[in-house]
Structures are given as C-alpha cells and as structure tokens.
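Pasting a structure here, questions to come.
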C-alpha cells in the first residue's frame, strides 16, 4: 500500500509534475488531506480531524452552487472530465471561481495538452490523469501547449485580463 505522501496518480500544475498531498477517503480517512465524494462531504466536514484538509470530487453534471454553503471549508475541488470532448467541466470551474471559491481547483480525466491553457484560464490550478494518459503525453507537451497562448478569451490566473477586457480598455483610452 502506498503512503499518503506518494503520488497516487500523475498530477500536473503550471510548473510540471507534482506530488498529490490528498488521499482518497476510502483508503486513508485519517490522512492530513482527504478527498470525498459529494454524498459524504457533509459527514467528512463534521467528523474531520483537527487541521485536516478536505477536498471533494464532483462529476461534470454537478451544480456548483450546491458547494457554495461549504466552499470556504474546502481545500480542493476536483471536477471530472470523462472525455476530452466534454467541456462541461470548464464551465463548472469557471462558475466555482465566480461564486468565490478560492481553494485549489483540479481537473481530473481525459484532458489533452491543448486544453491546459484553457483550463488554467477557467480557474483550474492542476490536472490529474491516469498513468496511461500521462505516459502518452509527456509533461513538456503540456507545458508547451500552455505557453503557446499569451492572451485568453477568459480572465484567469495565468492569462490576466481577457482579450475582450483589453479591447475595451484600449477603446476607452482612445476615446
């Protein structure tokens, strides 16, 4: 059995591969940081150990506003991406950020490197994937794809102001 400090799955952020500090609820309840499904979130928050960080993994059909009452107690929200062609997770990430979620936002699933910059622009901090998926797409491919875009259609942590906000700013300065 792996200890909670070892990466359980490949995890990528804007700097490259990183170690996952969180453990899945069913395997390590007493770990310092756990991930639970939405149906056990209330119990995990009520029964958590002192200083224990809680994360929740939600499907891409989940309504983000359901997390609003507890989002300030969450250290991590994972949004599932079951297929690279299913973009509902991007909308969920954006809605979570717009409703004030400030913790770590992780995409989990079948993203491709070309979607990494878009995920970052939608508010995602990291991407979790299967070992098979990671082996087919090296970290250099992910980082190069993210660096290929200097501006975005969305405001985001890496993109700054959106292309639309920049255009509005230039128009108002010219007027």
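The values are calculated or read from the model by the stated rules, or taken from the named source; none is laboratory data. Small disclaimer: the values here were computed from a predicted structure and weren't measured. Cβ: placed from backbone, ideal geometry, glycine included. Neighbour counts: every protein chain shown.
Which of the residues spanning the range 86-113 are closer than 24 Å to residue 134 by Cβ and in a helix (DSSP H, G or I)?
88, 89, 90, 92, 93, 113, listed by residue number.
In the range 31-80, what residues are assigned to a loop (DSSP other than H, G, I, E, B), without any contact (Cβ under 8 Å) to a residue 24 or more places away in the chain and more than 14 Å from the chain's Cα centre (by Cα)?
Filtering the range 31-80 down to residues assigned to a loop (DSSP other than H, G, I, E, B) leaves 31-32, 37, 48-52, 59-63, 68-70, 74-75.
With the extra rule that they be without any contact (Cβ under 8 Å) to a residue 24 or more places away in the chain, the set shrinks to 37, 48-52, 59, 63, 69.
Correct list: 37, 48, 49, 50, 51, 52, 63, 69.
Take the conditions within 25 Å of residue 39 (Cβ to Cβ) and at pLDDT below 85 and apply them to residue 130. Does it pass?
Values: within 25 Å of residue 39 (Cβ to Cβ): yes; at pLDDT below 85: yes.
Considered against the rule, which asks whether it is within 25 Å of residue 39 (Cβ to Cβ) and at pLDDT below 85, residue 130 comes out as yes.
Could you run through the range 133-157 and say how many residues are assigned to a loop (DSSP other than H, G, I, E, B), crowded, with 16+ Cβ neighbours inside 10 Å and modelled with pLDDT under 75?
The initial filter retains those residues of the range 133-157 that are assigned to a loop (DSSP other than H, G, I, E, B), namely 137-138, 148-155, 157.
Retained after the next criterion (residues that are crowded, with 16+ Cβ neighbours inside 10 Å): 137, 149, 152, 154-155.
With the extra rule that they be modelled with pLDDT under 75, the set shrinks to 149, 152, 154-155.
The qualifying residues number 4.
Would you say residue 83 is more than 25 Å from residue 116 (Cα to Cα) and either part of a helix (DSSP H, G or I) or at pLDDT below 95 (or both)? Spell out how you get there, then give the answer.
On the way: more than 25 Å from residue 116 (Cα to Cα): no; either part of a helix (DSSP H, G or I) or at pLDDT below 95 (or both): yes.
Answer is no for this residue.
When you scan the range 7-17, do you find a residue that is in a loop (DSSP other than H, G, I, E, B), modelled with pLDDT of 90 or more and either exposed (fewer than 15 other Cβ atoms within 10 Å of the Cβ) or over 16 Å from the mean Cα position of the chain (by Cα) (or both), even just one? Spell out how you get there, then give the answer.
Initially, the range 7-17 is screened for residues in a loop (DSSP other than H, G, I, E, B), giving 7-10, 14-15.
Restricting the remaining residues to those that are modelled with pLDDT of 90 or more gives none.
No, every residue in the range 7-17 fails to be in a loop (DSSP other than H, G, I, E, B), modelled with pLDDT of 90 or more and either exposed (fewer than 15 other Cβ atoms within 10 Å of the Cβ) or over 16 Å from the mean Cα position of the chain (by Cα) (or both).
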